[in-house]
Amino acid sequence: MSLPLTSNSAEEAAIRQTVQKMQDGHNTRNGTLFASAFAAEHDYIVIDGTFLPNITRQDNARSHQALYDGDRSSLGGNLGEVTMQLDVAKTRFLTPKLAVVHIQGQAGLTDQPDKRAKNIISTVMQKRADDWEIVAFHNAPIQKQEEDDFGFVIDLEGFEGKNLHNDREKE
């Protein structure tokens, strides 16, 4: 018997609500609200690639609160100066209680709201009781494009600046 893996609008709405908790927590500088979107224990990959396996919700809340309060020594820099917009881009249900969810993000400095940097977040979410929780989280920057006046600049050592897609087409 195969499981139906089609989208379910009620479940997708609940998943969007979990993402909204993260956004609201971030934008109100509330580490506890931000971390409430996560399972009691989860894996977290920071935007700089740092891997935090088996982090607890409490540790997530504590570290984000420190970032919101201006601790520049913590992973991620001072998030107290950053606003975040998060939008679910795609949900793929693996089972009725397990989904891969891709989230598009835009971050901006509070004093420069017209300048936005983009990121993509990939999560694995699990439904427990009536709530969806993030059990795995990977935050990745989207490379700043030439036409963008603001964004992440990714420096690849040893990369000669070739367009990999064009090189593949020539093969």
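Read-outs throughout are calculated quantities, based only on the coordinates presented, and are distinct from any laboratory measurement. Just so it is clear, the structure is predicted and the values come from calculations on it, not from any experiment. Here the Cβ is made from the backbone with ideal geometry for all residues, glycine too, and neighbour counts use every protein chain on show.
Remark: spin-label model distance residue 51-residue 28 equals 3.4 nm, labels positioned 7 Å along the Cα→Cβ axis. The phi-based Karplus calculation (6.51 cos²θ - 1.76 cosθ + 1.60; θ = phi - 60°) puts the 3J(HN,Hα) values of segment 118-123 at 9, 9, 10, 10, 10, 10 Hz, whole numbers, x for Gly and Pro.
Couplings 3J(HN,Hα) for segment 129-136, derived from phi with the Karplus relation 6.51 cos²θ - 1.76 cosθ + 1.60 (θ = phi - 60°), are 6, 9, 10, 8, 10, 7, 9, 8 Hz, where x marks Gly and Pro.
Semi-axes of segment 19-148's equivalent ellipsoid from the Cα gyration tensor, sqrt of 5 times each eigenvalue, largest first, rounded to whole Å?
23, 18, 13
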